[in-house]
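Student: The structure follows.
The values are calculated or read from the model by the stated rules, or taken from the named source; none is laboratory data. Model, not experiment: these values are computed from the prediction. Reconstructed Cβ throughout: ideal geometry from the backbone, glycine too, with neighbour counts over all protein chains shown. Calculation scope for accessible area: heavy atoms of the full protein, side chains included, ligands and nucleic acids excluded. Shrake-Rupley method; radii C 1.70, N 1.55, O 1.52, S 1.80 Å.
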Amino acid sequence: FAPAKGGVVGPVGGRGGSAVYTWEEVQRHSHRGDQWLVIDRKVYNITQWVKRHPGGIRVISHFAGEDATDAFVAFHPNPNFVRKFLKPLLIGELAPTEPSQDHGKNAVLVQDFQALRNRVEREGLLCARPLFFSLYLGHILLLEALALGLLWVWGTSWSLTLLCSLMLATSQSQAGWLQHDFGHLSVCKKSSWNHVLHKFVIGHLKGASANWWNHRHFQHHAKPNVLSKDPDVNMLHVFVLGDKQPVEYGIKKLKYMPYHHQHQYFFLSKFLNTFHGFLFLESHWFVWVTQMNHLPMEIDHERHQDWLTMQLSGTCNIEQSTFNDWFSGHLNFQIEHHLFPTMPRHNYHLVAPLVRTLCEKHGIPYQVKTLKKAIIDVVRSLKKSGDLWLDAYLHK
């Protein structure tokens, strides 16, 4: 045995799995080319594994140097099966004197959330109803067939074109929510079937790449609204978001766009699709639904928060109604979806009261908005961020 870098005893090379480490030691290995993480107090060297990680390099790398227990359980429908692949990566465990959580996270809160997760599993809330998703796919295919049939039989008059555009926009938007279900492995018991159906819906009905979606979307779930880690808040200098990024851009005198007008050219970017028929309608549908749960929320750099706090700080819900459920693909329950990404959507409303109770216990804001307010808040947040940029650009 030889002393490990953190000053605790461990085997030379760390491959025996019996070494013990401090959090200080683990956190030193959080850089590209040198990455460790912790799951259930076990320390794993993932430096080489990240290249073969099915979910992509970045999503697992975002947890380098951290406790990834809750994320690991959230993303994998069968964690015990996946643990088999972790065995060769095991290099030790946390020292008995070390807390289970890093960066001073609230241990009681983490334990309470894990207890809730266990309850969700016991009550079968992670099990899907095949009939629900079969009917959902059926109504998408029916709309597609009806739209094409109308054009085939009666031609392309203005009235029929508008009607068919509306039908296709509806079917395509709903297909977007369905591919999201399959992509999260929340429909079929076997992950392989979810992958096959995901590729069918996103590839053949939507014309997009399943691999591209997986690469981006799971990063968003891993670190929602975290700058440089969540691709959904990487706006390629077209927009500045939140309270921190606009000020940073302003102080550095960065002006790629007139950001104080971004709440206006946000609409212009959507109207550029006007002449693409149903694509124009679908793009608006998609953007408003996907942005209203996140864009007005906190957007910041990495703060190393626990799973529950991180998801709630960057996510809000929209009031439940039959229309809102259908219109958003049940993503009006965005909080529950982010906490339990493999949960089938028809169970979100069942777990929502339990999540709200847990948040109230620990003083974590649980925001629920009307659909109208959520849409308005998107524009307000863009204007606020633009004003922050202008003030910093002119005066700091």
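Student: Between Lys396 and Phe81, what FRET efficiency comes out of the Förster formula 1/(1 + (r/R0)^6) with R0 = 45 Å and r the beta carbon distance, rounded to 0.05?
Tutor: Numbers: r = 52 Å, r/R0 = 1.17.
Step by step, r from the Cβ atoms, then E = 0.30.
Student: Let me ask something additional. Among 302-315, 70-83, how do they line up by average Cβ neighbours within 10 Å per residue, starting with the highest? Write down the numbers at each step before the final one.
Tutor: Values: 302-315: 20.4, 70-83: 16.7.
Going from most to least packed, we get 302-315, 70-83.
Student: Enumerate the whole-percent occupancy of each 10 Å bin, from 0 to the last occupied one, for all C-alpha pair distances of the chain.
Tutor: Reading upward from the zero bin: 5, 20, 29, 25, 15, 5, 1, 0, 0.
Student: Still on this structure, I have one more. Relative contact order for the chain using alpha-carbon pairs under 8 Å, separation at least 6, rounded to a whole percent?
Tutor: On the way: 571 pairs, mean separation 65.0, N = 396.
Reported as a whole number, the value is 16 percent.
Student: So if each residue of separation counts as 0.36 nm, and I subtract the Cα-Cα distance between Val287 and Ala115, what length gain in nm does that give?
Tutor: Roughly 58.5 nm would be gained on extension.
Student: Another question about this same structure. Express the carbon and sulfur contribution to the solvent-accessible surface of the chain as a percent, rounded to the nearest whole number, probe 1.4 angstrom.
Tutor: Whole-percent figure for carbon plus sulfur exposure: 62.
Student: What helices in the chain pass both tests, a Cα length along the helix axis of 30 Å or more and a mean Kyte hydropathy of 1.0 or higher, using whole DSSP H runs?
Tutor: 130-154
Student: Here is a follow-up. Estimate the FRET efficiency between Leu268 and Lys384 by the formula 1/(1 + (r/R0)^6), using the beta-carbon distance for r and 22 Å for R0, to the nearest 0.05. Don't skip to the end; give the middle numbers.
Tutor: On the way: r = 19 Å, r/R0 = 0.86.
Given R0 = 22 Å and the Cβ-Cβ separation, E is 0.70.
Student: Below 18 Å, Cα to Cα, which lysines can Lys372 reach? Residues fewer than 8 away in the same chain don't count.
Tutor: Result set, ordered by chain and number: Lys383.
Student: Over the Cα atoms of segment 211-395, what radius of gyration and what Dmax do you get, in Å?
Tutor: Just the Cα atoms of segment 211-395 yield Rg and Dmax of 16.9, 51 Å.
Student: Return P(r) of segment 74-214 (all Cα-Cα pairs; 5 Å bins starting at 0; whole %; ordered from short to long distances).
Tutor: In order of increasing distance, the bins hold 2, 8, 12, 13, 13, 12, 11, 9, 6, 5, 4, 3, 2, 1, 0, 0 percent.
Student: Post the alpha-carbon centroid distance, segment 97-163 to segment 176-217, in whole angstrom.
Tutor: Distance between centres, Cα-based: 11 Å.
Student: Separate question: For labels at Trp49 and Leu150 in the simple 7 Å Cα→Cβ model, what's the distance in nm?
Tutor: Rounded to a tenth, the inter-label distance reads 5.2 nm.
Student: Continuing with the same structure: When the Cα atoms of segment 177-293 are enclosed in a convex hull and the volume is divided per residue, what value in Å³ results? Please report the intermediate quantities before stating the final value.
Tutor: Details: hull volume 13.9 nm³, N = 117.
Expressed per residue, the convex hull around the Cα atoms of segment 177-293 is 119 Å³.
Student: Let me ask something additional. Just the accessible area per residue of the chain, please: how many Å² with a 1.4 Å probe?
Tutor: Result: 50 Å² of accessible area for each residue.
Student: Going 7 Å from the Cα of Glu248 along its beta-carbon direction, which residues of segment 194-233 have the amide nitrogen within less than 12 Å of the resulting point?
Tutor: Backbone N within reach: 226-230.
Student: Based on alpha-carbon atoms only, what is the radius of gyration of segment 20-104 relative to the globular estimate 2.2 N^0.38 Å?
Tutor: On the way: Rg = 11.9 Å, N = 85, 2.2 N^0.38 = 11.9 Å.
The reported ratio for this selection is 1.00.
Student: In debye to the nearest 20, how big a dipole does segment 20-104 give about its Cα centre with +1 on each Lys and Arg Cβ and -1 on each Asp and Glu Cβ?
Tutor: Taking the Cα centre of segment 20-104 as origin, the dipole is about 560 debye.
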